[in-house]
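Step one of this worksheet: look at the structure below.
The values are calculated or read from the model by the stated rules, or taken from the named source; none is laboratory data. In this text, all values refer to a predicted model and were calculated from it rather than measured experimentally. So basically every Cβ, Gly included, is an ideal-geometry build from the backbone, and we count neighbours across all protein chains shown.
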Amino acid sequence: MSKVYRKTQDAKAVGLNMKITVEEWAARQYSKPPSSWVLGKWRREGQIYPPPERVGRDWFVPENAVRVVGQPLPNLAEKLTA
């Protein structure tokens, strides 16, 4: 068993969300994934929550990220009291 596979399994066992690229996330969410341009637009407009994180050239999100449209995002005070 490779070290990468073992780390992935260990992270899932303790409930940590693995980060995947925005393109992989879109492919899992939609039968016909949006184009890279649309995904970039969603990212810039804050429509993906939690916000994507840039690592090198790629953008990553947790597996359970969602697209938020027309709903206010929680502010810091709401996050701390939840």
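Side notes on the structure shown:
- Checking the stated criteria, SER35 turns out not to satisfy the condition of being exposed (fewer than 12 other Cβ atoms within 10 Å of the Cβ) and either in contact with a helix residue (DSSP H, G or I) (Cβ under 8 Å, 6 or more places away or on another chain) or at pLDDT below 95 (or both).
- Subset of the stretch 1-32 [exposed (fewer than 12 other Cβ atoms within 10 Å of the Cβ), modelled with pLDDT of 95 or more and not in a loop (DSSP other than H, G, I, E, B)]: ARG28
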